[in-house]
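These notes are about the structure you will find just below.
The values are calculated or read from the model by the stated rules, or taken from the named source; none is laboratory data. Keep in mind that what you see is a predicted model, and the values were worked out from it rather than measured. No Cβ is skipped: glycine too gets one built from the backbone with ideal geometry, and neighbour counts run over all protein chains shown.
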Amino acid sequence: MTRLPLILDPDRYLDGPLAPGQSVKAFAYDTWQSGTNDADEDGRGAAGPHRGHGEVLASLGLIYLRHGDPARAMVLGLAAMSMGDLSPKTILMIGEAMLLAGDPQQASAVLSRFDRDDGLATPPSQAERAARHYIAARIHDRLGETERARAELKQARDIVPEKPVEDRI
C-alpha cells in the first residue's frame, strides 16, 4: 500500500496559519486531542471528549438510514454514542436502524434510554417523545405484540394532540 503525503492548504482549510515549525499532522492531532469545541453553548461540558465528532457520525448515520442502509447507520450511530452523543435524535436513529436491520430486541433496548433519568444528554422534545412511542409500536408489531403496539401508538397520539384541519393549512 502506497502512503501519500498529507497535503493541506492551511489558508483554505484551517482557521488560520499554522505556528512556525508546526506540521499539519501535528496540528490535526493536537486539535483532535484537545477537544476544544465540545462544550455546549450554555457552558456545560459535553458528555464525552469528542461529542462534536459523534454528532457528525450520527448525522452521517441518518443519511445512510434514509438511503436504505440501516446496518451502516446502526454502526455509525453506535460510534456516535461511544463518542458521547446521547441526544434523543441519535437514540431514535439507532433504534430505527436496528429495527430495520432486523433486530427489534436491541432496538427496544436502545429506546429504553428514554425511560432512564441519565439515559439522554438533553430532555426529549414533544416530537421526539412521540417518535419514541411510534418506533416502539413498530417494534412491538414486528414482534407480533399487537396490543402493546396499539398502546404505544395511543401514547404517541396523546403526546401530540390532533390539530384542526384549518390549522394545518
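A few points about this structure:
- Here the range 87-133 is the region considered, the condition is being among the acidic types (D, E) and modelled with pLDDT of 90 or more, and the residue that is farthest from the chain's Cα centre (by Cα) is D103.
- Of all the criteria given as (1) surrounded by 18 or more Cβ atoms within 10 Å (Cβ to Cβ); (2) within 14 Å of the chain's Cα centre (by Cα); (3) charged (D, E, K, R), the one not satisfied by R72 is (1).
- Only residues that are surrounded by 18 or more Cβ atoms within 10 Å (Cβ to Cβ) and part of a loop (DSSP other than H, G, I, E, B) were counted in the range 135-160, giving 0.
Each row is one residue, and each column tells you yes or no for (1) out of contact with any Phe, Trp or Tyr (no Cβ under 8 Å at 6 or more places or on another chain); (2) surrounded by fewer than 23 Cβ atoms within 10 Å (Cβ to Cβ); (3) free of Cβ contacts under 8 Å to residues at least 24 places away in the same chain.
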{"position": "A80", "(1), (2), (3)": "yes, no, no"}
{"position": "K89", "(1), (2), (3)": "yes, yes, no"}
{"position": "I94", "(1), (2), (3)": "yes, no, no"}
{"position": "A101", "(1), (2), (3)": "yes, yes, no"}
{"position": "D117", "(1), (2), (3)": "yes, yes, yes"}
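- R132 vs. criteria under 20 Å from P70 (Cβ atoms), surrounded by 10 or more Cβ atoms within 10 Å (Cβ to Cβ) and among the basic types (K, R): yes
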